[in-house]
Amino acid sequence: MISSIKPVSSSLTAIAAVRRTVSPKLRFSPLPIIRNFENSPLRVSSPHNLSTFSLVAEKQRRDGFRVGAYEADRSQPIEIGVEVPDEQSGQKVKIGIYFATWWALNVVFNIYNKKVLNAFPYPWLTSTLSLACGSLMMLVSWVTRVAEAPKTDLDFWKTLFPVAVAHTIGHVAATVSMSKVAVSFTHIIKSGEPAFSVLVSRLFLGETFPLPVYLSLLPIIGGCALAAVTELNFNMIGFMGAMISNLAFVFRNIFSKKGMKGNSVSGMNYYACLSMMSLLLVTPFAIAVEGPQMWAAGWQNAVSEIGPNFVWWVVAQSVFYHLYNQVSYMSLDQITPLTFSVGNTMKRISVIVASIIIFHTPIRPVNGLGAAIAILGTFIYSQVKQNKGLKLIVQCCTAFHI
């Protein structure tokens with residue numbers, strides 16, 4: 001057996017002869033190479049090398065994958081017309097769905113909320129019902145295991161308490177504002193929230209900001225002031241409610257950043273816990289400020305004027321309030337703060353436009369100009385806050401040929 005494989009050169013000659021007899025099609029087809037190699041007839045160049053070739057062929061059958069790999073390396077590149085989905089493009093689609101859902105739910109909430117407040121001017125009870133509905137929805141989802149219940153401890157609820165206080169004040173103040181003025185006016189004033197954010201961060205946290213950040217506040221403040229002065233149905237309580245809401249939500253965001261560090265609770269469950277604690281905080285104040293007697297009389301009057309649709313309005317505004325906030329917190333897990341800020345600015349535009357169309361809100365051109373300036377300032381602020389201010393200024397100068 002050993003003597004039969006002694007001539008190494010003869011073995012190489014046999015293998016070379018085999019390669020010369022294999023069809024070119026076999027050499028350039030990497031997928032069926034092994035099957036074709038095993039089924040193709042083989043011719044040996046010399047009878048002297050028959051025993052040698054038998055051993056080599058048997059070895060090649062055992063190492064069939066090695067032969068296939070060699071032939072595949074020798075083959076031409078194969079182009080397959082199948083497009084592999086881009087993971088980044090899929091993430092963009094997901095974020096787009098989040099934004100579209102967030103804006104749509106927010107528009108619907110503001111419409112039904114204003115309808116309820118026009119017929120039932122009790123913002124404390126309206127705010128309480130919104131929080132109660134969201135808390136009930138999440139409790140049911142946890143019990144039925146539709147959503148996984150969060151794992152919390154006492155420290156979690158301690159850090160959540162200041163967030164809930166600020167959230168409760170901001171929510172009630174915004175509802176009071178919308179009960180006194182148009183929805184569009186409330187959101188124009190609320191677009192000035194970045195100014196409060198910079199002010200609070202500077203005074204209470206000692207943070208400093210570059211000059212472009214401070215300059216970006218000028219159109220925000222100027223636009224809000226112009227919109228307020230030219231508002232046809234201006235109301236001081238409504239104006240102050242929107243301002244207090246801005247301040248409260250700034251503190252809520254600051255406390256949330258501190259409370260969510262190292263926290264494993266998802267955005268959806270975090271907001272659910274926040275709603276529950278806010279409900280416990282607002283209920284006694286709602287009873288003290290308005291009370292069951294006023295609610296009963298106002299409810300009866302609203303049902304007599306609107307009919308059964310009023311009940312649907314109350315349910316709708318409560319459900320959509322929770323849903324739009326839940327989606328916004330869920331989107332925070334997927335996007336950067338800058339993207340969220342830009343999305344929030346676009347959300348205000350959609351709410352303002354929709355409310356003007358649906359409620360036929362009278363608006364002067366100067367008032368509209370003030371709103372546009374304030375919203376544009378908010379967008380510029382979100383850009384310069386992320387050190388993109390210089391690039392944005394250059395682009396604006398190029399666009400206007402400055």
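The values are calculated or read from the model by the stated rules, or taken from the named source; none is laboratory data. Computed from a predicted structure; not experimentally measured. Note: ideal-geometry Cβ built from the backbone for every residue, glycine included; neighbour counts use all protein chains shown. Ligands, DNA and RNA are excluded from the accessible area calculation, which covers all protein heavy atoms including side chains. Shrake-Rupley method; radii C 1.70, N 1.55, O 1.52, S 1.80 Å.
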*asked:* Ordering Met276, Met178, Met137, Met236 by accessible area with a probe of 1.4 Å, largest first, what comes out?
replied: Met236, Met137, Met276, Met178
*Which of the trypsin sites (Lys or Arg not before Pro) across segment 215-278 are loop residues per DSSP, with 11 or fewer other Cβ within 10 Å?*
Lys261
*Roughly speaking, to the nearest percent, how much of segment 126-257's 1.4 Å accessible area is carbon and sulfur?*
71 percent
*asked:* I need the phi-derived Karplus couplings for segment 140-149: 6.51 cos²θ - 1.76 cosθ + 1.60, θ = phi - 60°, integer Hz, Gly and Pro marked x.
replied: 5, 5, 6, 5, 7, 6, 5, 10, 6, 5
*Can you work out the FRET efficiency for the pair Ile358 and Glu148, with r the C-beta to C-beta distance and R0 = 35 Å, to the nearest 0.05?*
0.40
*Place a +1 charge on the Cβ of each Lys and Arg in segment 111-252 and a -1 charge on the Cβ of each Asp and Glu, then give the dipole magnitude about the Cα centre in debye, rounded to the nearest 20.*
240 debye
*asked:* Could you work out how much longer the chain between Leu218 and Thr159 gets when fully extended? Use 0.36 nm per residue separation minus the Cα distance between them, nm to one decimal.
replied: 17.8 nm
*asked:* Before I look further, what does segment 131-265 give for accessible area per residue, probe 1.4 Å, in whole square angstrom?
replied: 49 Å²
*Which of the residue pairs Lys94/Lys190; Lys92/Lys114; Lys92/Lys385 have a Cα-Cα distance greater than 31 Å in the structure shown?*
Lys92/Lys114
_Residue by residue through segment 187-193, what is 3J(HN,Hα) from phi via Karplus (6.51 cos²θ - 1.76 cosθ + 1.60, θ = phi - 60°)? Round to whole Hz and write x for glycine and proline._
6, 5, 5, 6, 5, x, 4
*State the Cα centre-to-centre distance between segment 141-180 and segment 119-138 in whole Å.*
13 Å
*Work out from phi, with θ = phi - 60° and the Karplus expression 6.51 cos²θ - 1.76 cosθ + 1.60, the ³J(HN,Hα) of each residue of segment 343-359, listed in order in whole Hz, and give x for Gly and Pro.*
x, 5, 5, 5, 4, 5, 4, 5, 5, 4, 5, 5, 5, 5, 5, 6, 8
*asked:* Sorting check: for 201-211, 114-124, which peptide has the highest mean count of neighbouring beta carbons within 10 Å, and how do the rest follow?
replied: 114-124, 201-211
